[in-house]
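Below is one structure, written out as structure tokens, with a few remarks after it.
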Amino acid sequence: MKKTLKVKGMHCRSCEMIIAEALEEAGAGSVAASHAKGEVTVDFGSLDEQRVRKIIKEEGYEVE
Amino acid sequence: MDATIYVPDIECDSCVKLITKRLESQKGVTDFEVDEGAVIVEYDDAAVKADAIVGLIRKDGFRASLAPFDRKSLGERWRDFRENKSKYAIERDGIVYALSAFVFLLLVEAIAYVGFFDTIPGFLSHYGWWLLYLDITVVSVGLGLWHISAYRARMTCMVGMMLGMTVGMQAGMMLGAVVGATNGFFIGSMAGMLVGVFTGVVAGKGCGVMGTMQGMMAGLMGGTMGPMISVMMFSDHLLWFMPFYMAINVAIMAGMSYMVYEEMVEGKEVFRQPLDFLTFVSACIIIAAVFVIIMVYGPKAPLFAV
């Protein structure tokens, strides 16, 4: 299942990479993060939405 | 072994975090410190080479090198200018101020023409273009001086000399050519030389006697060269020459502002104190008005009499 989440606090490419890697390492499929749009599109893979939100928050970003 | 790797693109905590993550997982890196602009690594030469660590950082899209990056390329600066609006607040204000001053000048001149100058026969054909070029001169030189004075920064002799030379030369060249075309060589040279020397000194004095002298010499040279162009080219396509001439002059002034930022401001400790909008615009209008009066009512060489 794919979903686009609004994520606050990304301000550069490094932020995108950090979020993408954290999610992929935890078991998500493809991840596309954009600091310009403030969005992260995640293919949940083996995760559920609850878990995805938690991982992003743990990296220090806010999910709406 | 240890090495300093210069990474000028570290912008925020996330960059630090990302690089930290990479280095932590790199075999052979024993210790490191990620700082703004550089990473200091301690590594085991047998397990990993410094170049490989540089490559590791580059792979994430950062610029990285064992030699320092001393400046941004034009493209990087342009990107930075578009993305970091607050960093270039003064420059952004300057562009808005200058464009508004230009519009105000045209407006004031249009009003002066309708209410006053239209009684002079042949006014537009005689002065029209030159008033436009006067406005361009006042605004572009004014913006250059405004930009320099917006920063209280330490400048090297090299920078001071460049500033004195550029402002003195361009002010003299532009104003001299304009007044030279309407009043002849004498008044054109007087105006170009005096204004060139004055503005050159104002721009170059920050670094002491070297910049001051450079400003005076350039003002003298530009201020007499400008009117010479107008007078000698008067009967040979001067009006065709002028757009190119003015475009190059304006480009040089823009280049100077770029240099001011690059050499005086970027990475240095500066104190910002820009003049406000109203002061800038009224100064432009007053200065332009003085020269319009000189151009229209000032003494003229016989050839240039209306």
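Screening the range B:101-124 for residues that are more than 32 Å from the chain's Cα centre (by Cα) and assigned to a helix (DSSP H, G or I) and picking the one that is modelled with the highest pLDDT gives B:Val114. When B:Ala50, B:Ala67 are checked against the criterion of being closer than 22 Å to B:Glu263 by Cα, surrounded by fewer than 17 Cβ atoms within 10 Å (Cβ to Cβ) and in contact (Cβ under 8 Å) with a residue 40 or more places away in the chain, a single residue qualifies: B:Ala67. The single residue among A:Glu24, A:Glu39, A:Glu16 that is more than 14 Å from A:Glu58 (Cβ to Cβ) and crowded, with 19+ Cβ neighbours inside 10 Å turns out to be A:Glu16. Within the range B:225-244, residues that are farther than 13 Å from B:Ile187 by Cα reach partners that are loosely packed, with under 12 Cβ neighbours inside 10 Å with beta carbons closer than 9 Å, at six or more positions or on different chains, in the pairs B:Phe234/B:Leu303.
Residue-wise test of (1) more than 14 Å from chain B (Cβ to nearest Cβ); (2) in contact (Cβ under 8 Å) with a residue 40 or more places away in the chain; (3) under 30 Å from B:Arg58 (Cβ atoms).
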site: A:Lys6; (1), (2), (3): yes, yes, no
site: A:Ala32; (1), (2), (3): yes, no, yes
site: A:Phe44; (1), (2), (3): yes, yes, no
site: A:Leu47; (1), (2), (3): yes, no, no
site: A:Lys54; (1), (2), (3): yes, no, no
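The set of residues in the range B:24-44 that are surrounded by 14 or more Cβ atoms within 10 Å (Cβ to Cβ) and within 14 Å of chain A (Cβ to nearest Cβ) comprises B:Val34, B:Val39.
Scan the range A:39-64 for residues that are at positive phi and either touching a Lys or Arg at 6+ places or on another chain (Cβ under 9 Å) or in a strand (DSSP E or B) (or both) and report the count. Write out each step before concluding.
Initially, the range A:39-64 is screened for residues at positive phi, giving A:45, A:60.
Imposing the further condition that a residue be either touching a Lys or Arg at 6+ places or on another chain (Cβ under 9 Å) or in a strand (DSSP E or B) (or both) reduces the set to A:60.
Going through the range A:39-64 one residue at a time, the tally reaches 1.
In the range B:1-22, what count of residues is obtained for those that are more than 38 Å from the chain's Cα centre (by Cα) and within 14 Å of another protein chain (Cβ to nearest Cβ)? Of the residues in that region, 3 qualify.
Put simply, of A:Ala36, A:Ala32, A:Ala28 the only residue that is in a loop (DSSP other than H, G, I, E, B) and within 10 Å of the chain's Cα centre (by Cα) is A:Ala28.
None of B:Ile286, B:Ile248, B:Ile293, B:Ile252 is surrounded by 15 or more Cβ atoms within 10 Å (Cβ to Cβ) and not basic (Lys, Arg) except B:Ile252.
Out of B:Ala52, B:Ala47, one residue alone is more than 14 Å from every other protein chain (Cβ to nearest Cβ), over 17 Å from B:Phe69 (Cβ atoms) and in a helix (DSSP H, G or I). It is B:Ala52. Checked against the criterion of being under 23 Å from B:Leu107 (Cβ atoms) and either at pLDDT 95 or above or among the polar types (S, T, N, Q) (or both), the candidates B:Thr224, B:Thr279, B:Thr199, B:Thr212 yield just one match: B:Thr279.
Quick one: in the range B:78-94, of everything that is within 14 Å of the chain's Cα centre (by Cα) and of a type outside the set (A, V, I, L, M, F, W, C), which residue is surrounded by the fewest Cβ atoms within 10 Å (Cβ to Cβ)?
In this case the residue turns out to be B:Arg92.
Being at pLDDT below 90, assigned to a helix (DSSP H, G or I) and assigned by TED's automatic domain parsing to the domain that holds B:Tyr261 is the requirement here; does B:Phe81 meet it? Don't jump to the end; show me each part of the working.
On the way: at pLDDT below 90: yes; assigned to a helix (DSSP H, G or I): yes; assigned by TED's automatic domain parsing to the domain that holds B:Tyr261: yes.
Criteria met by B:Phe81.
The values are calculated or read from the model by the stated rules, or taken from the named source; none is laboratory data. These numbers were taken from a predicted model, which means no experiment stands behind them. Counting neighbours? That spans all protein chains shown, and the Cβs are built from the backbone with ideal geometry, glycine included.
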